[in-house]
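First the structure, in the form of structure tokens, and then the observations on it.
Coordinate-derived values only; no laboratory data. Quick caveat: nothing in here was measured; it's all calculated off a predicted structure. Cβ sites come from the backbone with ideal geometry, for glycine too, and all protein chains shown count toward neighbours.
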Amino acid sequence: MSESTHLEPGDQAPDFTLPDADGTPVPLSSYRGRRVIVYFYPAASTPGCTKQACDFTAAREELQGDGVEVIGISPDKPAALAEFRDAENLTIALLSDVDRSVMTAYGAYGDKTLYGKQVTGVIRSTFVLDPDGRVELAQYDVKATGHVDKLRGELAI
């Protein structure tokens, strides 16, 4: 697989509409007028992804108080996302990108190194979009643990 295009600050974020954990279509455009964190993670209910989702949920109220919403996107089907949400009491939006087309558009799917081997998969990535849908911050290969606190510091929240 070829290297995906990486987004840079100032780029217009690729638009999308994806189903949430209940199967309801959620368009990115419905978040216009607010800053939004869009983060991509490999799989629901795995240790790192659970830690990251729980950290975003714990920070949600504070983030929303600063006008920032959070969307987590994985290749899991809506039913798996609903199970993940309910098991972990998650309050952030979880969206399903089964065909990985949105991940690919954001450069969050492609070649990566996993346990010393070259594989193709989800690249844990986080984007902060401004109220007009432009990329404010693009981070690839982020670590699940401590990421939310680091991001809050970078955003001065």
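Within region 47-61, does at least one residue satisfy the condition of being farther than 22 Å from Gly10 by Cβ, polar (S, T, N, Q) and either surrounded by fewer than 17 Cβ atoms within 10 Å (Cβ to Cβ) or in contact with a Cys (Cβ under 7 Å, 6 or more places away or on another chain) (or both)? Scanning region 47-61 turns up no residue that is farther than 22 Å from Gly10 by Cβ, polar (S, T, N, Q) and either surrounded by fewer than 17 Cβ atoms within 10 Å (Cβ to Cβ) or in contact with a Cys (Cβ under 7 Å, 6 or more places away or on another chain) (or both).
The set of residues in region 114-129 being among the polar types (S, T, N, Q) and under 16 Å from Phe40 (Cα atoms) consists of Thr120, Ser125, Thr126. Going through (1) part of a loop (DSSP other than H, G, I, E, B); (2) surrounded by fewer than 22 Cβ atoms within 10 Å (Cβ to Cβ); (3) among the charged types (D, E, K, R) one by one, Asp76 falls short only on (2). What residue, among those in region 79-99 that are of a type in the set (A, V, I, L, M) and part of a helix (DSSP H, G or I), is farthest from Thr145 (Cα to Cα)? Across region 79-99, the extreme among qualifying residues is Ala79.
Taken over region 107-157, the residue count meeting the criterion of being surrounded by 14 or more Cβ atoms within 10 Å (Cβ to Cβ), charged (D, E, K, R) and part of a loop (DSSP other than H, G, I, E, B) is 2.
So, Val102, is that one buried (at least 20 other Cβ atoms within 10 Å of the Cβ) and not in a loop (DSSP other than H, G, I, E, B) or not? Considered against the rule, which asks whether it is buried (at least 20 other Cβ atoms within 10 Å of the Cβ) and not in a loop (DSSP other than H, G, I, E, B), Val102 comes out as yes.
Which residue is farthest from the chain's Cα centre (by Cα), if the candidates are limited to region 15-57 and must be under 17 Å from Arg100 (Cβ atoms) and among the aromatic types (Phe, Trp, Tyr)? Looking at the filtered set, the residue picked out is Phe16. Of all residues in region 40-59, at least one satisfies being touching a helix residue (DSSP H, G or I) at 6+ places or on another chain (Cβ under 8 Å) and in a strand (DSSP E or B). Counting residues in region 12-25 that are small (Gly, Ala, Ser), in contact (Cβ under 8 Å) with a residue 24 or more places away in the chain and in a helix (DSSP H, G or I) gives zero. The set of residues in region 63-86 being touching a strand residue (DSSP E or B) at 6+ places or on another chain (Cβ under 9 Å) and closer than 19 Å to Leu129 by Cβ consists of Leu63, Gln64, Asp66, Gly67, Val68, Glu69, Val70, Ile71, Gly72, Ile73, Ser74.
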